[in-house]
Structure formats: C-alpha cells, structure tokens
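In what follows, a structure is listed as structure tokens, so that the remarks can point back to it.
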Amino acid sequence: METTKKTHWENVYQTKNPDEVSWTQENPKTSLALIHSFKLNKQARIIDVGGGDSRLVDYLLEEGYENISVLDISEKALEKAKNRLGAKASKVTWIVSDVVDFKPETTYDIWHDRAAFHFLTSEEQIAQYLKIVSKNV
Ligand SMILES: C[S@@+](CC[C@H](N)C(=O)[O-])C[C@H]1O[C@@H](n2cnc3c(N)ncnc32)[C@H](O)[C@@H]1O
C-alpha cells in the first residue's frame, strides 16, 4: 500500500470532523435512491468503497440490510463510523484497505463508490480498480 496516500487520509480523519470536510452528507439520499432502484432484498451484499465515516451505512442498517461492508484506506475513518454506530457496528464488515489492493472474498450485488474512485489518478490504478469491480460484482 502506498504510504503517502494512506497517511494523507488518516491525517484527514484524525484532524477533521464531518462538518469540516466538503463531502459530508447528513442524508445520502441520491445514493439511497440508486440503491433502492435495484429493488434487491435485504440480504443483498452491498459494499461502500471509500465509505469513510459516511452515514450511508447507518441508513442501510436502519432499513434492515443485512450484508453491508464498508471499505476505506483510513482505519481512523472506519473507527469513527464504528463509534458512531455503537453496538450496531458489529453487523457490518469493516475492511481497511487501499481499494486497488482489495482481494474480495465474496461477490457483491451493489458496489457503491461516492467520491473515492476519482482519487485514483494513474492508468494502472484505474485499470486495477475496474478489474476488481468487474470480477466481483
Ligand atoms: C471524499 S471522501 C468520500 C467519503 C464517503 N464516500 C462519502 O461519500 O462521504 C473519499 C474517501 O475515499 C477514501 N479513499 C481514498 N482513496 C482510497 C483508496 N485508494 N482506497 C480506499 N479508500 C480510499 C478516503 O479515505 C475517503 O474516506
């Protein structure tokens, strides 16, 4: 894993609260609408890639989804999400990984990525990301 990339994101989540970053959404309604549009059952396997401490997972749990994973390069981001969720966090699979190093152990019905993909800036990393998605969704 590239250290500088991880260090950057760990630093962001160590030093900034959700109200101090531009991407925070109190209610991720566009993402939820997209997920609902697939009309999948509550056992659908959903992964939020680069989920950070987004509240999408809170809403999905509230709606009764049972197989949610959240992946992020930043351990601190996931720790913040877990702390917010309390006991409910145990219902989620948390994965700390650079997405390009991710070796999924399952396939997913929905691969959600809001504002993480565009941080991959080399052709090689983009190709690797697309390879992982096409094999595992
Ligand atoms: C702009 S934030 C968006 C967070 C969240 N998706 C949301 O909508 O609130 C980008 C997120 O992508 C994560 N990220 C960036 N590069 C990543 C990578 N290569 N692998 C995994 N996560 C990454 C960051 O740690 C951060 O949480």
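Laid out as a table, the results:
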| quantity | calculated |
| --- | --- |
| Computed lengthening from L85 to E63, 0.36 nm per intervening residue step minus Cα-Cα distance | 6.5 nm |
| Accessible area in the full protein assembly, largest first, 1.4 Å probe, for L71, L61, L40, L130 | L130, L40, L61, L71 |
| Given charges at Cβ of Lys, Arg, Asp, Glu: the chain dipole, positive-most of N11, N41, V137 | N41 |
| Whole-Å semi-axes of region 26-136's equivalent ellipsoid (Cα gyration tensor) | 22, 16, 13 |
| Whole-percent carbon and sulfur share, accessible surface of the chain, 1.4 Å | 51 |
| Long-range amide H partners of T93 with built H, under 5 Å | I68, S69, V70 |
| With all protein chains modelled, accessible area of W23 [1.4 Å, Å²] | 80 |
| Value of [θ]222 nm, deg cm²/dmol, for the chain, DSSP H segments ≥ 4, -39500 (n - 2.57) each, nearest 500 | -12000 deg cm²/dmol |
| Highest-first arrangement of 6-16, 77-87, 114-124, where packing means the average Cβ count within 10 Å | 77-87, 6-16, 114-124 |
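The values are calculated or read from the model by the stated rules, or taken from the named source; none is laboratory data. Computed from a predicted structure; not experimentally measured. In this analysis, Cβ positions are derived from the backbone assuming ideal geometry, glycine residues included, and neighbour counts consider all displayed protein chains. Note: areas computed on protein heavy atoms with side chains; ligands, DNA, RNA excluded. Shrake-Rupley method; radii C 1.70, N 1.55, O 1.52, S 1.80 Å.
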